[in-house]
Structure formats: C-alpha cells, structure tokens
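The values are calculated or read from the model by the stated rules, or taken from the named source; none is laboratory data. All values reported here derive from a predicted model rather than from experimental measurement. Here Cβ is always computed from backbone atoms with ideal geometry, including for glycine, and neighbour counts include all displayed protein chains. Accessible surface areas use protein heavy atoms only, side chains included; no ligands, DNA or RNA. Shrake-Rupley method; radii C 1.70, N 1.55, O 1.52, S 1.80 Å.
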Amino acid sequence: QVQLVESGGGLAQPGGSLRLSCAVRGSIFRVASMGWYRQAPGKQREVVADITSGGSTDYADSVKGRFTISSDNARNTVYLQMNSLKAEDTAVYYCNGILQTNRLSPLAQYWGQGTQVTVSS
C-alpha cells in the first residue's frame with residue numbers, strides 16, 4: 001500500500017523558515033509529479049507548488065520567491081523550503097503525488113495526512 005508521509009510542520013515566527021518533507025512509502029513504479037497543497041480554516045484547499053519527475057516546477061503567485069520545491073527522485077521524497085513566512089501562510093499543508101504503482105496500473109492521485117504550519121509571533 002502506498003502512503004505519503006509528511007514531516008516538518010510546526011510553529012514559526014513571521015519572517016522565519018520551515019522545511020517540509022514528504023516521502024513515498026511502499027512499492028511504486030513511477031512518480032509523474034508531486035506537490036504541496038494547503039488549506040487554511042474556512043478556505044478551500046489550494047495548490048502551493050508542484051514538481052514533475054523531470055524537475056519542472058510551478059508555484060502559486062502568493063509563494064513565488066519565498067518557497068522552493070525540490071525532490072530527491074532516488075528517495076521518492078519531495079521537499080518544500082518555506083522562507084519569509086507570513087501569517088497568511090498558516091494552514092494545514094498536504095503532500096500530493098501522481099503515481100503509478102506498477103507498469104499496468106493507471107496514474108492515480110495520493111495524499112498525505114497533512115501537517116500543520118502556524119506562523120505567529
């Protein structure tokens with residue numbers, strides 16, 4: 001069974017930094033892309049950043065220049081380096097993966113359990 005396991009959330013001060021990690025556990029054939037979403041209280045889940053297996057990245061306008069997504073393909077792990085954090089970055093952050101578990105299976109979407117990021121002084 002495939003699981004996405006997140007770590008690295010917590011409390012940071014405005015202007016501070018946090019680094020999130022998400023590791024794919026279980027047997028997989030291929031990772032097409034991975035990304036990070038977030039959901040603040042009372043708001044819809046929104047995409048923060050994503051990265052393809054080829055290394056192409058995309059970011060939400062609200063985090064461009066502050067957040068960096070990267071991946072370690074050998075470890076099937078994706079990271080989100082968050083700098084210059086703002087109060088409005090406070091949310092539950094979810095890891096997302098578009099994965100193929102074997103060569104005959106279709107690509108499917110998987111989600112992590114979520115990790116809380118709180119930015120407050």
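Taking strands (runs of 3 or more DSSP E) that fall entirely within the range 23-63, which contain at least 3 residues that are loosely packed, with under 14 Cβ neighbours inside 10 Å and not basic (Lys, Arg)? Show your work before the answer.
Numbers: elements: 30-39, 46-52, 57-59.
The strands (runs of 3 or more DSSP E) meeting that bar number zero.
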Revision key, fill the gap. Reported set for the range 43-56 where residues are over 12 Å from the mean Cα position of the chain (by Cα) and either modelled with pLDDT under 95 or of a type in the set (Val, Ile, Thr) (or both) is Thr52, Ser53, Gly54, Gly55
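Taking the conditions exactly as written (touching a residue at least 12 places away in the same chain (Cβ under 8 Å) and outside any strand (DSSP E or B)), does Asn102 satisfy them or not? Talk me through it step by step, then tell me what you get.
Details: touching a residue at least 12 places away in the same chain (Cβ under 8 Å): yes; outside any strand (DSSP E or B): yes.
Answer is yes for this residue.
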Revision key, fill the gap. Checked pairs for the range 57-86, first in contact (Cβ under 8 Å) with a residue 12 or more places away in the chain, second part of a helix (DSSP H, G or I) and open to solvent by less than 40 Å² (accessible area, probe 1.4 Å), C-beta under 7 Å and 6 or more apart or across chains, list as Met82/Asp89
Point to revise | Checking Leu85 against (1) closer than 20 Å to Leu11 by Cβ; (2) open to solvent by less than 30 Å² (accessible area, probe 1.4 Å); (3) part of a strand (DSSP E or B), the condition it does not meet | key: (3)
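What tally of residues in the range 8-22 results from selecting those that are hydroxyl-bearing (Ser, Thr, Tyr) and open to solvent by 60 Å² or more (accessible area, probe 1.4 Å)? I'd like the intermediate steps shown before the answer.
Step one: list which residues in the range 8-22 are hydroxyl-bearing (Ser, Thr, Tyr), which gives 17, 21.
Going one step further and asking which of them are open to solvent by 60 Å² or more (accessible area, probe 1.4 Å), we end up with 17.
Residues flagged as hydroxyl-bearing (Ser, Thr, Tyr) and open to solvent by 60 Å² or more (accessible area, probe 1.4 Å) within the range 8-22 amount to 1.
Sort out which residues of the range 70-80 are surrounded by 15 or more Cβ atoms within 10 Å (Cβ to Cβ) and modelled with pLDDT of 95 or more, and write them in order of number.
Narrowing the range 70-80 to residues surrounded by 15 or more Cβ atoms within 10 Å (Cβ to Cβ): 71, 76-80.
Listed by number, the residues that qualify are Ser71, Thr77, Val78, Tyr79, Leu80.
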